[in-house]
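Read the structure below first, then the notes.
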Amino acid sequence: MDSPYLSMRNIDKWAPSKYVYKGDKLIASRDPHEVGIGSRLVCDRIAACYDRHIKTYARGRLVDLGCGTVPLFASYRNYVDSSTCADWGNPSHQSNYLDLQCDLSSPLPFRDRKFDTVILSDVLEHIFRPENLWNEMARILSSNGKVLMTVPFYYWLHEEPYDYYRYTEFALIRFAEMAGFRVVVLERLGGVPEIVADIFAKAFLYVPRLGTMLSASVQRMTTLFVRTPVGARISRATSGSFPLGYFVVAEKCG
């Protein structure tokens, strides 16, 4: 049953967008208007990480920073008491569910220790001064509050010109520690097989007529391959040097 205290704007009109449930599994939408055909594999990986960890770490008062269309709402709505949606205001981030429009690169308009959980999904690479946002997240989180976040690494430029950085796992840990967090979960999103599939999937989209079929096929084949013992071993062995991205849970210390 949904929590009775959820406060997101237009909550009764919310509908799945980027991520959808297939049975009890969160996956990337197959609607090309929600997830580009060439990005299904990486979005499936991201969805799986959130689906696996939200039930353990999301609690209390949650704020979804850079929320967009709030694609993760279905995954956390049953684990939190309230949810607040914040994003910057520009045409690519229009949302019917936005509770507050704010610049995530500036001081956040929330009081100290207001929240217990922060969702920051594929946002940090768009923040010009990331240390400022880390410090602000520490300020608005309660003691032992958690940040659940994803960032890309080997991934194409997107939302130009507001795509500024790619972070190694060492940079993520360092930023977290400098702001008073400790990293409790750090998962690499795939390795060489996933990166190669992602690159070919996006390149195939430029092939006339057959492009979308080829793009979808290479991602499906790679997904099946990395489920085999050999494929899984290659993906794990190469993920340290060639990660497609990262999923992180960071806990505020004290």
**Fill in**
Among the residues of region 1-23, the number that are among the charged types (D, E, K, R), at pLDDT 95 or above and not in a strand (DSSP E or B) is 1
**Asked** Looking at V230, is it β-branched (V, I, T) and either at pLDDT below 95 or over 30 Å from G180 (Cα atoms) (or both)?
**Response** yes
**Prompt:** G68 versus (1) at pLDDT below 95; (2) surrounded by fewer than 19 Cβ atoms within 10 Å (Cβ to Cβ); (3) part of a loop (DSSP other than H, G, I, E, B): which is the lone unmet condition?
**Reply:** (2)
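Of all residues in region 126-166, count the ones that are among the acidic types (D, E) and either closer than 20 Å to K252 by Cα or touching a Pro at 6+ places or on another chain (Cβ under 6 Å) (or both).
Of the residues in region 126-166, 2 are among the acidic types (D, E) and either closer than 20 Å to K252 by Cα or touching a Pro at 6+ places or on another chain (Cβ under 6 Å) (or both).
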**Asked** Restricting region 157-194 to residues that are assigned to a loop (DSSP other than H, G, I, E, B) and among the acidic types (D, E), which is surrounded by the fewest Cβ atoms within 10 Å (Cβ to Cβ)?
**Response** E160
**Fill in**
Condition set buried (at least 16 other Cβ atoms within 10 Å of the Cβ) and small (G, A, S), scope region 232-254, selection farthest from S39 (Cα to Cα): answer is A250
**Prompt:** In region 109-143, how many are closer than 22 Å to L6 by Cα and in contact (Cβ under 8 Å) with a residue 40 or more places away in the chain?
**Reply:** 14
**Prompt:** Which of the following residues is touching a residue at least 24 places away in the same chain (Cβ under 8 Å), among the polar types (S, T, N, Q), surrounded by fewer than 20 Cβ atoms within 10 Å (Cβ to Cβ) and touching a Gly at 6+ places or on another chain (Cβ under 9 Å): S105, S82?
**Reply:** S82
**Request:** May I ask you to list the residues in region 205-220 that are farther than 17 Å from A28 by Cβ and assigned to a helix (DSSP H, G or I)?
**Result:** G211, M213, L214
**Asked** When residues of region 28-65 are filtered for being closer than 23 Å to L104 by Cβ and part of a loop (DSSP other than H, G, I, E, B), how many remain?
**Response** 5
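The values are calculated or read from the model by the stated rules, or taken from the named source; none is laboratory data. Because the structure is a prediction, the values reported are computed rather than measured. FYI the Cβ positions are ideal-geometry reconstructions off the backbone, even for glycines, and counts take in every protein chain you see.
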